[in-house]
Each structure stands twice: as structure tokens, then as C-alpha cells.
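The structure appears below as C-alpha cells.
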Amino acid sequence: MMCSICRQGETQPGTTTVTLERGELTFVAKDVPAMVCANCGEEYLDSSTTAATDPKIRAFRDRIAEAQRDPTSDAVASDARVRR
């Protein structure tokens, strides 16, 4: 598909890093499948990738909320890094 930002490049399969912020929390997902413009690097996520990513973000948000309610809980998995 033609890039809607630069209007000069074609997109091709690749990966991207998705960063979402909510209040003081930041969620970073690496190596997310995307279509990437060969000219300017603009990244596009398709609806299936977004649909697959949304539940993971919500689960992460819920684990963080639980950890904030009860700092002694084991709600945040060891593979999740939380920065404030």
C-alpha cells in the first residue's frame, strides 16, 4: 500500500515498537508486526494485530492496578518492568 504520510513509499512487512502511556504508566510492546513505509518509516498496524494487542495491554493494566492496590501481591509478572 502507498504510505499516506509521505505519499512516496510503499509499505512492506516489518515490526515496530508500540508505546502507550496512561497516567504515570507506560506500556511498551516490542517486535509488533506492522507494515512499514520503505521511504519514511511510518508504521501501520492492521486490525488483527490491534485486536490481538488490546487484550494484552488490558491484562497488563489490570496487573499494575492490582499491584498498586496491594504492593505485597504478586500481580506483576517478573517479565514485566514497571517504571514510574
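Computed from the coordinates by the stated procedures, all read-outs in this text should not be read as laboratory data. Source: prediction; values computed, not measured. As a convention, Cβ positions derive from the backbone with ideal geometry for all residues, glycine included, and neighbour counts pool all protein chains shown.
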Among residues of segment 10-49 being out of contact with any Phe, Trp or Tyr (no Cβ under 7 Å at 6 or more places or on another chain) and among the aliphatic types (A, V, I, L, M), the residue nearest to D62 (Cα to Cα) is L25
Over segment 17-46, the set of residues farther than 24 Å from C6 by Cα, among the acidic types (D, E) and assigned to a strand (DSSP E or B) is E21
Within segment 25-45, residues surrounded by fewer than 16 Cβ atoms within 10 Å (Cβ to Cβ), of a type outside the set (A, V, I, L, M, F, W, C) and over 13 Å from the mean Cα position of the chain (by Cα) come out as N39, G41
For A67, the lone unmet condition from (1) assigned to a helix (DSSP H, G or I); (2) surrounded by fewer than 16 Cβ atoms within 10 Å (Cβ to Cβ) is (2)
Flagged pairs (Cβ under 7 angstrom, 6 or more apart or on separate chains; first in segment 19-46, farther than 27 Å from A65 by Cα; second aromatic (F, W, Y)) are A34/Y44; M35/Y44
Looking across segment 1-24 at residues that are under 17 Å from T53 (Cα atoms) and among the hydrophobic types (A, V, I, L, M, F, W, C), the single one that is surrounded by the most Cβ atoms within 10 Å (Cβ to Cβ) is V18
* Residue within segment 47-55 that is in contact with a Pro (Cβ under 6 Å, 6 or more places away or on another chain), closer than 17 Å to M1 by Cβ and outside any loop (DSSP other than H, G, I, E, B) present -> yes
